[in-house]
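Engineer: My questions will all concern the structure given below.
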Amino acid sequence: MSEGDALGTVYLVGSGPGDPDLLTVRAAELIESADVVLHDKLPGPEILGQIPEAKREDVGKRAGGEWTPQEYTNRRLVELAREGKSVVRLKGGDPFVFGRGGEEAEHLAAAGVPFEVVPGVTSAIAGPAVAGIPVTHRDHASSVSFVTGHEDPTKEESAVDWDALAATGGTIVVLMGVGKLPAYTAELRDAGLDGDTPVALVERATWPDMRVATGTLDTIVDVRDEAGIEPPAITVIGDVAATRDRVAEFLENDGDRGGDA
Ligand code: SAH
C-alpha cells in the first residue's frame, strides 16, 4: 500500500449457530457489503452457501485434514486490510466465545488495523435453547459455566477444574466436547456429581439436520455412541437438561430441523 491509501476495516463477525435467520442484521449487512469473507466451516452450510464463492476464503480445516495455522489467518487479515479491503472474519456463534477472536483482535490492534466486533448468538446458549433447555432456571440452576472439552494437549495439568465446576451446582455447558465426553463425565462423577444428573447433546443446533440426544452422566457416552453424535455439538450437564422432556411435545424448533437422535 502506498502512503495515504486508506486501510480497510476488519469485522470480527459472529454468524450465530447456523440458521441464517439467526444472523444479526449487522452481520447480514456486512457479509453483503464485504470484499472478502474469511471463514471456517462452523457457520454451517446454509450461511456459507449464501455467500458468493468469489469472495469466500476458507481458513478452516484443509483437504488434508490439518487446520490452517492461526498465524496465517492473522497475517491474511492484515494483508487484506492493507490492500484497502473491507474484510469480514466470519466465525460460528459469537466471535469471542472459544473462537480465537480475542487473539485476532490483539493481532489487528498490534498491526494498527481498525476493526469492529459484531457479537453473535452463541451456540453455548442457543444450542441448548433450541432443544428446549434453558441454561439457567429459577428452580434448577442459578449459574452456568461455559467450558472447553478439548483441552490443550501440551498443557501438563488440566486447564479446566472439573471439581470446582461440579461444586457450583449450576449448569455446565461444554463446547468441543464430543470426543472427550468419557473423560470429563468420569471427572465430574469423581468430583461427586450424581450419576443420574441429566445430560443432553445438541448436534448441529439450528442446522437443517440438527439432532438432540439425552441421557444421564452414567449413560450419555453410550447414548452418544448409539446415536453416532459428532462435532459440532454442545453438551449440557445439569438438572436443566431434563426440561427438554417436559416441553419437547410442544417445542417447534426442531420440528422441521431434525429432532431426537
Ligand atoms: N464461537 C462459537 C464456538 C466455537 S468453538 C460459538 O459461540 O458458538 C466450536 C464449538 O462450538 C463446537 O465444537 C461445538 O461445541 C460448538 N458449536 C458451534 N456451533 C454449533 C452448533 N450449530 N451446534 C452445536 N454446537 C455448536
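The values are calculated or read from the model by the stated rules, or taken from the named source; none is laboratory data. No experiment lies behind these values; they were computed from the predicted model shown. Using ideal geometry, Cβ is built from the backbone for each residue, glycine included, and neighbour counts are taken over all protein chains shown. Side chains included, ligands, DNA and RNA excluded: accessible areas come from the protein's heavy atoms. Shrake-Rupley method; radii C 1.70, N 1.55, O 1.52, S 1.80 Å.
Engineer: Cβ-Cβ below 6 Å, separation at least six or inter-chain, first residue in segment 33-52 and in the same structural domain as Arg76 (by TED's automatic domain parsing), second in a loop (DSSP other than H, G, I, E, B) and away from the ligand (no atom under 16 Å from the Cβ): which pairs?
Structural biologist: From residues that are in the same structural domain as Arg76 (by TED's automatic domain parsing), the pairs are Ala34/Ser86; Asp35/Lys85; Asp35/Ser86; Val36/Lys85; Val37/Ile51.
Engineer: When you go through (1) in contact with a helix residue (DSSP H, G or I) (Cβ under 7 Å, 6 or more places away or on another chain); (2) in a helix (DSSP H, G or I); (3) not polar (S, T, N, Q) one by one for Val236, which number turns out not to apply?
Structural biologist: With (1) in contact with a helix residue (DSSP H, G or I) (Cβ under 7 Å, 6 or more places away or on another chain); (2) in a helix (DSSP H, G or I); (3) not polar (S, T, N, Q) applied to Val236, the lone miss is (2).
Engineer: Having 2 or more residues that are of a type in the set (A, V, I, L, M, F, W, C), more than 16 Å from the ligand (Cβ to nearest atom) and in contact with a helix residue (DSSP H, G or I) (Cβ under 9 Å, 6 or more places away or on another chain) is the bar; report the helices (runs of 4 or more DSSP H) wholly within segment 67-179 that clear it.
Structural biologist: On the way: elements: 70-82, 101-111, 123-130, 162-168.
Hits in segment 67-179: 70-82, 101-111, 162-168.
Engineer: Okay, moving on. Return the pair list, or none, for Cβ contacts closer than 6 Å from residues in segment 181-204 that are away from the ligand (no atom under 15 Å from the Cβ) to residues that are at pLDDT below 95, at least 6 apart or on different chains.
Structural biologist: Glu187/Trp162; Leu188/Trp162; Ala191/Trp162; Ala191/Asp163
Engineer: In segment 66-75, what residues are open to solvent by 20 Å² or more (accessible area, probe 1.4 Å) and either closer than 14 Å to Val36 by Cβ or over 23 Å from the mean Cα position of the chain (by Cα) (or both)?
Structural biologist: Arg75
Engineer: Ok, one more. Of the residues Val78, Val118, Val87, which is over 29 Å from Trp207 (Cα atoms), open to solvent by less than 20 Å² (accessible area, probe 1.4 Å) and at pLDDT 95 or above?
Structural biologist: On the way: Val118 fails: over 29 Å from Trp207 (Cα atoms); Val87 fails: over 29 Å from Trp207 (Cα atoms).
Being over 29 Å from Trp207 (Cα atoms), open to solvent by less than 20 Å² (accessible area, probe 1.4 Å) and at pLDDT 95 or above holds for just one of Val78, Val118, Val87, which is Val78.
Engineer: If you don't mind, there's one more thing I want to ask. Filter segment 175-214 down to the residues that are open to solvent by 20 Å² or more (accessible area, probe 1.4 Å), within 22 Å of Pro95 (Cβ to Cβ) and out of contact with any His (no Cβ under 9 Å at 6 or more places or on another chain) and list them by number.
Structural biologist: Of everything in segment 175-214, those that are open to solvent by 20 Å² or more (accessible area, probe 1.4 Å), within 22 Å of Pro95 (Cβ to Cβ) and out of contact with any His (no Cβ under 9 Å at 6 or more places or on another chain) turn out to be Arg204, Trp207.
Engineer: So which residues in segment 27-48 are more than 19 Å from the chain's Cα centre (by Cα) and open to solvent by 50 Å² or more (accessible area, probe 1.4 Å)?
Structural biologist: Glu29, Glu32, Ser33, Asp35
Engineer: Take Asp239 and tell me if it is modelled with pLDDT of 95 or more, in contact with a His (Cβ under 8 Å, 6 or more places away or on another chain), open to solvent by 30 Å² or more (accessible area, probe 1.4 Å) and not aromatic (Phe, Trp, Tyr). Walk me through it before giving the result.
Structural biologist: Values: modelled with pLDDT of 95 or more: yes; in contact with a His (Cβ under 8 Å, 6 or more places away or on another chain): yes; open to solvent by 30 Å² or more (accessible area, probe 1.4 Å): yes; not aromatic (Phe, Trp, Tyr): yes.
For Asp239, the condition - modelled with pLDDT of 95 or more, in contact with a His (Cβ under 8 Å, 6 or more places away or on another chain), open to solvent by 30 Å² or more (accessible area, probe 1.4 Å) and not aromatic (Phe, Trp, Tyr) - is met.
Engineer: Let me ask something else about it. Where residues in segment 209-261 are among the polar types (S, T, N, Q), within 22 Å of the chain's Cα centre (by Cα) and closer than 20 Å to Glu187 by Cα, which of them is farthest from the ligand (Cβ to nearest atom)?
Structural biologist: Thr214
Engineer: So which strands (runs of 3 or more DSSP E) stay within segment 1-62 end to end and still have 2 or more residues that are within 12 Å of the ligand (Cβ to nearest atom) and not small (Gly, Ala, Ser)? Before you say what the answer is, go through the steps one by one.
Structural biologist: Values: elements: 10-14, 36-39, 56-58.
Where strands (runs of 3 or more DSSP E) fall fully within segment 1-62 and carry at least 2 residues being within 12 Å of the ligand (Cβ to nearest atom) and not small (Gly, Ala, Ser), they are 10-14.
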